[in-house]
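This report concerns only the one structure given below.
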């Protein structure tokens, strides 16, 4: 038999053998090796990438830190007065300056925010500035950061003084239970009396700081913790800042100059009276167009005497006319009985009026002194006798407005406008608006080139500045009650700042000080008790709602003790001085003086308007300290300082 095999219909010779697959293992090994290499390379690349990213991130963070630190460096330089913020444009502080020990360069620029309304050391809403810093390293990493900074207003202080001594060098003490409810700072020692009663001698309701020390701390109660001692000196504003305020006021036509300059440092012949009027007939005087003021000036001939504007007791007529003027007397006898500011009030045609003033009552030609002065004395003693400031409607025989009363005149309005309801008033042409809507150029500043008296009700936000002395001759209050708590504060609330280039004084006049008369011509007793002629319901207190700044002092006129040798009833107790706001002064002034139980001047009661912390009076001077607000990032693409600061 043949050994051939039949396979699939074909004849094959011999047994079957599979085909050999040569090189497959090598390929497999190569492929595995390649994968390993790729994985290793990927791992290496990933590791390298991580290192590079980390390095880049570190460089970026270093550049960012350099920009932020540059912002703080510049704020420190501003507070150290090394640099200053320009009134216009921007200042280049550093230009590609290399940071020591690095390959980072930085540039710094600073500019004022709102140049048009933030002139010099004052701003309508404080002084604000912007610092911009750019940092770039050698690898091209760039960071630009900006920071807004602002200067704190002096209106933030309830009490501030540069020198805590009187002009003769005497120490002025916190004593007799004195209280102050807002922030306090002194560039001098704060002196607290160490008497046993009352206890505490002084109470401080907020933070207290001093560049020196607080003497007798144990005699005071510090509600917000221990006082800060040895802090940085805060300089008072310069008198040159008054020129800036005058410039701002002049734009609105609200810069005034008295016609008459005469008398002592506290005798003002011009006065500004603030008036709140319900111009929109909504039943209140807190509307945006309800605030106005009037300006009264004495005539140069001084028909009723230089003190008529501020209701000072006048000098009696000369002795030749029968008036008693004892030789050698420092205080003329019965001078108040010759006043044209005082008289017996009456209701005439529904209006309060003084048909006849003390000065218009003729004294008798013969008889003793008491006989000659009898009619005047009767008017003085009348329960309805009152005194008013020069130009007041109530000094008219019929209680009507008079543009010219024979002694002085109300200045007609020359800028701004008033609503029809206000224009229809008898004094409509003499009312100046405190609303920017009625005078678009009004930026909240009124300026007087000289001494000025001030009183009335303020509806609006304003700073009134005087080149010389400002005298508060009667109550000065806000139409909206000032906030003495932490209640809600609004940017539209009333805010008043008073700045005296010399002094801010509380007047010693026939309204604020009780008056006396004698019974005989020479050396007779003064009538006791003294008579209060203030027409206000809160008499004998004086209310002041304002932040007060005296570049010399804030004090009461004639607050020191009377001349020696006078009896105790010559001491004038003027009641309580109630200030809601703040007092800022170069040298501490006095509001009153004690001798035993006798007070000459005012007893002080100070509260702080906390809304001044958020919304100070417009253009009220600032402390010069730049505080940080917050940081922002700036896109570096196509950045240039010229384009960035243009129009800011």
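With both labels modelled 7 Å from their Cα along Cα-to-Cβ, the residue 168 to residue 262 distance reads 3.1 nm. The spacing between the range 173-211 and the range 59-110, judged by their C-alpha centroids, is 41 Å. In plain terms, the chain from residue 381 to residue 81 could stretch by 101.9 nm, reckoned as 0.36 nm per residue minus the Cα-Cα distance. Peptides 356-363, 490-497 ranked from most to least packed by the mean count of surrounding Cβ atoms within 10 Å: 490-497, 356-363. Modelled spin-label separation between residue 196 and residue 593, with each label point placed 7 Å from Cα along the Cα-to-Cβ direction: 2.8 nm. Computed on the range 446-523, with alpha-carbon pairs under 8 angstrom and 6+ residues apart, the relative contact order is 33 percent. Compared with the direct C-alpha span, the chain from residue 213 to residue 302 gains 27.0 nm at full extension, assuming 0.36 nm per residue.
The calculated FRET efficiency for the pair residue 368 and residue 346, based on their C-beta separation and a Förster distance of 30 Å, comes to about 0.50. Here the calculated FRET efficiency for residue 176 and residue 632, from their Cβ-Cβ distance with R0 = 56 Å, stands at 0.65, rounded to the nearest 0.05.
Tell me, what is the FRET efficiency for residue 437 and residue 233 to the nearest 0.05, using R0 = 51 angstrom and their Cβ-Cβ distance as r? Efficiency for this residue pair is about 0.75. The stretch between residue 404 and residue 247, if pulled fully straight at 0.36 nm per residue, gains 53.6 nm over its current Cα-Cα span. For the pair the range 599-648 and the range 424-498, the centres of their Cα atoms are 21 angstrom apart.
We did not get these values from a lab; they are worked out from the coordinates using the rules stated. What you are looking at is a predicted structure, and each value in this text was computed from that prediction instead of being measured. We place every Cβ from the backbone using ideal geometry, glycine too, and count neighbours over all the protein chains shown.
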